[in-house]
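Rule-based calculations on the coordinates, nothing more; no lab input. From a predicted model like this one, the values you see are computed outputs, not experimental measurements. Cβ: placed from backbone, ideal geometry, glycine included. Neighbour counts: every protein chain shown.
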Ligand code: PGA
């Protein structure tokens, strides 16, 4: 069956020293604990190797927030999937709305990134979600379906089975405006039906679909109680150990 997962997305926050301290705190909080979900932190590239040396990855998974769409070569400033893997990280967030919005990522570049992630044994946490205007003009189902079809439906069933999906309505990210648990459930069930149509019910039932967007300890339990919500991708609230653990313990 599919896993419950709570993953932190630190975004462009924390210095190396602050990040290592936060990761150690989360690692410490998980020692001796038996959370009902897998726990992952996705951190800036510069922090990966140092954090890897400090945490027990059996308890706390480690991931990057992005990777390049090329293998290697003359791409100044980029960080490849193999570089990420060489730090000890095993996850990578791909297609986050901030990457799509501010850095022009398209389904085409994301297909390249996904292929490179798989080549380097990184598990993708793949983000999808509509902007406010699309929600308001009721094209949100269409938009999300298209994002999935364009970037993911060229994958084999085996590859698709390794993807963790994160539904993040853009209007809920960092705004304090969470989707209601019913809105999340409605979209997650729809996403699962789209997957089932393409890969069959078994693959769909085994896919973890996380919710992201202003998830916090006070609303996590209600969201996670929904049958198709398998956890969360947590931005702001993952930058504080107590609030992140509050979400982990919401299961
Ligand atoms: P937020 O971000 O929890 O700060 O809204 C979520 C995300 O963008 O992954």
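Grab the DSSP H runs of the chain that are 4 residues or longer, score each as -39,500 (n - 2.57), total them, divide by all residues and round the 222 nm result to the nearest 500 deg cm²/dmol. All intermediate terms of the calculation are to be shown ahead of the outcome.
On the way: 12 runs with 108 residues, N = 251.
Mean residue ellipticity at 222 nm (helix-derived): -12000 deg cm²/dmol.
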Protection proxy ranking of 82-94, 24-36 - average other beta-carbon atoms within 10 Å, highest first: 82-94, 24-36
field: Alpha-carbon centroid distance for the pair the stretch 70-99 / the stretch 1-54, whole angstrom
entry: 18
message: Report the rotationally averaged projected area of the stretch 12-156 based on its alpha-carbon convex hull, in square nanometres.
response: 10.2
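When only C-alpha pairs under 8 Å and at least 6 residues apart count, what is the relative contact order of the stretch 47-114, in percent? Walk me through the numbers on the way to the answer.
On the way: 71 pairs, mean separation 25.2, N = 68.
This gives 37 percent for the stretch 47-114.
Please rank 239, 16, 152, 210, fewest neighbouring Cβ atoms within 10 Å first, as an exposure proxy. Please report the intermediate quantities before stating the final value.
On the way: 239 18, 16 13, 152 24, 210 28.
In order of increasing Cβ crowding within 10 Å: 16, 239, 152, 210.
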